[in-house]
1. Please give me the summed charge of the neighbours of A:I85: other residues whose Cβ is under 12 Å from its Cβ, Lys and Arg +1, Asp and Glu -1.
2. Rounded if a/c is under 1.5, else prolate if a/b beats b/c, else oblate: with a ≥ b ≥ c from the C-alpha gyration tensor eigenvalues square-rooted, which is the protein assembly as shown?
3. Over 20 Å between Cα atoms: which of B:K309/B:K352; B:K23/B:K199; B:K284/B:K309 fall into that group?
4. Quick one: check the C-alpha center-to-center distance for the stretch B:1-44 versus the stretch A:1-63, whole angstrom.
5. Hey, can you rank B:278-284, B:76-82, A:130-136 by average C-beta count inside 10 Å, highest first?
6. Counting Lys and Arg as +1 and Asp and Glu as -1, what is the net charge of the other residues whose Cβ lies under 11 Å from the Cβ of B:K199?
7. Across the residues of A:30-37, average count of Cβ atoms on other protein chains within 10 Å?
8. Return a whole-number percent for the relative contact order of chain A, with Cα pairs under 8 Å and 6 or more residues apart as the contact set.
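None of the figures in this text is laboratory data; all of them are computed from the coordinates on show. Note that the structure is a prediction, hence the values are computed from the model and not measured. Cβ: placed from backbone, ideal geometry, glycine included. Neighbour counts: every protein chain shown.
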Amino acid sequence: MKVVTGVVGNDIHVVANRLIDLSLQARGFEVFNLGVNTYLEEFFDAAVETGAEVLLISSLNGEAEGWGREVKLLKARYKNLDELIMMIGGNLTVGSGNAEDIVPKYKGYGFDLVCHQVDLNTGLDQLEEFIAQRKTQ
Amino acid sequence: MSNNEKLLIDVGSTYFKVSTPGKIEQHFRDFNKDILDDLMSKCDNSISRFNKEDVFICSSANGGLSTLIIGITNSFSLKYATNIAFNAGINIIDTILYQDIQDASIPSDLIDVVIIVGGINSLGNIFSEELYNYLSKIQYSNIVFAGSEKDAALIQNNIEHLITLPNIIDSKLHIVEDHLREYLTNLYQKDIEGKRDIKNLYSITANQIYPTPYIVNKTLPLINARFSVANPFILLDIGGATTDIHYSKDLVDENIVTENQYDRMVFKKLGVYKSKQSLIFTAKNNEFVYELLMHLKVTENIFLEQSEKATKILMQLAIFLVLCKMSHYRQAYINLKLLAINSIVLTGGITKVLLKEDVEDIVSFFYRKILTSDHNPTTIMDTNYDIWTLAAEDN
Ligand code: B12
């Protein structure tokens, strides 16, 4: 299964991104890593060019919120992305925040899976469950 | 052979340059005349002294090829193909995002080459009926497909005279330049040779006539032979019809990863003669331009003037506007890390009109106003057209 990943916006925290790339590969995904400093449009464009089923966005420096609000508007301009599984994780707010507030907010932005300060492996387990569930639907 | 024995000629859209040992002449073109006649009437003395073997000509006249690129995203297929086309020396590029093709306008002119791109090789069924419908409505001389391998056979069956090349996108979503670039360079070459004006020039040279941007791009790795340029740098060639920017790859943190050290980008309508009106239009729409005019101690009435001073101001504006266009996200198809630049090299007619101080003034104004920074790259003026002679000599 194809996954597009990267770190959104002006964020340059690269360590998690490398780990995500490796972990996804270890789990058998075909990874298209756009690296740090990736803009929303590039994520969607990469999904179009590759035919990826999953988009996994990271954000570490606190700017996720601003990008989150743009997601629906931008995605609506694409004709073939309705089935794309959308996941986001990292530090999804400025400061610590709590997941009870943050998760519903990002779901409202159009993300299927939201992992605020969730350990990577836990998050990827959730992704695999989600995919399995979707297949049985 | 030593440089001194060569005659170098560069034919541009607005003027031509003739470089003989020790001297460079520059003349405005007379568009009522064939290029060769024009050249001979102005520089016969210089030209007839040389053997055909010692005459080297490059040309950016006649606009070159017109290209229409159909791709499936702005960030990858369209951007990659545009980049390749620029590097092959092509200036006139239009793009269509495939998902909007039904609403795309139909160009009335004959297009020299249509390029279809999109998708990694494992992706199929990207293009369909809508593509063929659109193609049936436009006129073109050449058509090439450099997209997903999976779609190649189907497309080949549906489009007559289609050339299929290896995908410009690899399995990691990176760019693969070589095949399309070679195809376009050859086409460009054939086109130049086919133009009657240019053909006539072969009566004074025994050497191949190359497109000017191709020549300049080839020189950049050699640039340190003539100038002390600190890397990374950009080179601005502000001409009569277009403005060309050549830049080192370190200046883009893009998903474009190529073998080439340098890339090129063209602003079609930013020239100081042929496209003067559109330059003025762009200027009037830039919120900082009035402040800049004030800084230069002139008013916008200067746009109506026909004087040396007015040309000078226009050239300064062109520098400012080009820098602006490259600095904001998504305005140009590529954005450069302007704060990382250590040198700005200027070449072309502009170096005959502006002083180094005039350029430096604009550059620091730009950094202060637009990037709110005191960064100040060194300015280098290629007053003797060394960049161009360097490459021509290297041939
Ligand atoms: C190293 C570091 C830097 C380095 C980055 C070097 C580099 N190129 O990577 C430098 C010094 C450059 C830097 C700069 C900044 N940083 Co910093 N930085 C850190 C630091 C100390 C470690 C980050 C790291 O690499 N961790 C190791 C990796 C493996 O862990 P991780 O990034 O947390 O990722 C894990 C999880 O988040 C998760 N994960 C990540 N993405 C995803 C996605 C999914 C789907 C899932 C499931 C999981 C997941 O998986 C990873 C492994 O478990 C953190 C603090 C910290 N201890 O976390 C701050 C931190 C991330 N930085 C922070 C800030 C604010 C900045 C700056 C704005 C500081 C400034 N004022 O200049 C700048 C921003 C620069 C920019 N444009 O992005 C804040 C962000 C706060 C926020 N979100 O509110 C942090 C949290 C520090 C803090 N407590 O204030 N930083």
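1. -3
2. Prolate shape, in that a/c is at least 1.5 and a/b is the bigger ratio.
3. In this structure, B:K23/B:K199 exceed 20 Å between Cα atoms.
4. So the two Cα centres are separated by 53 Å.
5. B:76-82, B:278-284, A:130-136
6. Local charge sum for B:K199: -1.
7. Mean partner shielding for this stretch: 3.
8. 23 percent
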